[in-house]
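Presented below is the structure to which this report refers.
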Amino acid sequence: MENREYYRPTTKMFSLICQQPSLLQMMSRFGIPLGVEDKTVDEICSEHDVDTTTFLAVANYIRFGREAVRGSIGKVSIPCLMDYLRRAHRYFLDFQLPSIRRELLEAIICTNKSELSKIVNLIIQFYDSFTEQVRRHMEHEDSQVFIYVDELLEGNRRAEYSIDSFARSHEAIDSKLQEVKNVIIKYYKPDAASDLLNAMMYDIFVCEKDLRNHCEVENDIFVPAVKLLEDSIEVTEDNDDTGSQTELSDREKEIVGLLVRGMKNKEIADKLFISVHTVQTHRKNISRKLDIHSVGALSIYAIVNNIVNLEDIKN
């Protein structure tokens, strides 16, 4: 059984890296370079303006699992953690996934001369569809989830959204990469030396594990920490005296536009990454504010108020 001596502020950063080399990636995502000398985790984190508790929470989680962060969720720095997650997104999208694609293309070309174009196209297309799925997933977090959390940090909490909405739709993004890996291992038969192919496959294994760790850090550290932050902030109600009782919010206008284009509640929820219940709540608020209770009348409102064009309306 593994000796669970958790990393502490006094742990030497050099020892941490040597015990778990995969934490090198984690260091770069915290903005910590090499050249750690014989300094402790706390000393290195302080030098690079990184919250030590947050760094240790992620490091211990990656090495030992969920039990290692029990009791420390409420102590992590959410801004520091979001900076870590944003850097991870850039690493995956701008470096790791494009690099694997280049390796994959080169390896296939070098190991199979028969029916080359067909095989290359099929495997690369499958890999590209996986990459696009990851991109949509991470860009949604960057543009929606992290913006919401930034607002929480400023003391504002929206009524129509919560981190639970994200958590319910948050799924692992390594499964399709696993399919790419499995198809090649089981069914791809190279007709030339496969050292390059094997090296590329090893990189896919590493990327798969890295993506899984990334999602699990979000599920088991980020989401619980944000929930605690939410609980400390009262919901900001849209009920001041400046006309908000009858004026639609930007989100409500967005939903109006999707409704009059013919989309159903579930389709709207999926597109906006919110729950069906949240869509239904928005629809009730829209009906109450406008005193409009049919999609037909709502279509007229949307056209008159430049939310949609006439040609956008589904017949």
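The values are calculated or read from the model by the stated rules, or taken from the named source; none is laboratory data. Please read all numbers here as calculations on a predicted model, not as lab measurements. Note: ideal-geometry Cβ built from the backbone for every residue, glycine included; neighbour counts use all protein chains shown. Areas reflect the complete protein model, heavy atoms only, side chains present, ligands, DNA and RNA absent. Shrake-Rupley method; radii C 1.70, N 1.55, O 1.52, S 1.80 Å.
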Checklist entry - What number comes out for the charge environment of residue 206, summing +1 per Lys or Arg and -1 per Asp or Glu over other residues with Cβ under 14 Å away? => result -2
Checklist entry - How would 277, 214 line up by accessible area, probe 1.4 Å, largest first? => result 277, 214
Checklist entry - Counting only the heavy atoms of the protein chains, how much of residue 64 is accessible to a 1.4 Å probe, in Å² to the nearest 10? => result 20
Next on the checklist: Counting C-alpha atoms alone, how compact is the stretch 1-113: give Rg to one decimal and Dmax as a whole number, in angstrom.
Outcome noted: 16.8, 56
Next on the checklist: If amide hydrogens are placed 1.01 Å from N in the peptide plane, which non-local residues have theirs closer than 5 Å to the one on residue 40?
Outcome noted: 13
Checklist entry - How far is helix 175-187 tilted, in degrees, relative to the longest principal axis of the Cα atoms in the chain, given as a value from 0 to 90 rounded to the nearest 10? => result 40
Checklist entry - Got a number for carbon plus sulfur as a percent of the chain's accessible area, 1.4 Å probe? => result 50
Checklist entry - Counting only heavy atoms of protein chains, what accessible area per residue, in Å², does the chain have with a probe of 1.4 Å? => result 54
Item to check | Long-range HN-HN contacts of residue 157 with modeled amide H, under 5 Å | outcome: 236
Checklist entry - Lys/Arg Cβ at +1, Asp/Glu Cβ at -1, dipole of the chain taken about the Cα centre: which of 69, 290, 165 is farthest positive-ward? => result 165
Checklist entry - Dipole size in debye (nearest 20) for the stretch 1-127 around its Cα centre, Lys and Arg Cβ +1, Asp and Glu Cβ -1? => result 460
Next on the checklist: Which lysines, if any, have their Cα less than 19 Å from the Cα of residue 39, not counting same-chain residues under 8 positions apart?
Outcome noted: 12
Item to check | Derived scalar couplings ³J(HN,Hα) [the stretch 256-265; Karplus, 6.51 cos²θ - 1.76 cosθ + 1.60; whole Hz; x for Gly, Pro] | outcome: 4, x, 6, 4, 6, 7, x, 7, 8, 4
Checklist entry - By what distance, in whole Å, do the Cα atoms of the chain stretch along each of the three principal axes, largest value first? => result 68, 58, 32
Checklist entry - Charges only on Cβ, +1 for Lys and Arg, -1 for Asp and Glu: so what's the dipole of the chain about the Cα centre, in debye to the nearest 20? => result 1080
Next on the checklist: Per residue of the stretch 82-91, what does 6.51 cos²θ - 1.76 cosθ + 1.60 with θ = phi - 60° give for ³J(HN,Hα)? Whole Hz please, x for Gly and Pro, Karplus curve as stated.
Outcome noted: 5, 4, 4, 5, 5, 4, 4, 4, 5, 5
Checklist entry - Going by average Cβ neighbours within 10 Å, how do the peptides 31-38, 101-108 rank, with the highest at the top? => result 101-108, 31-38
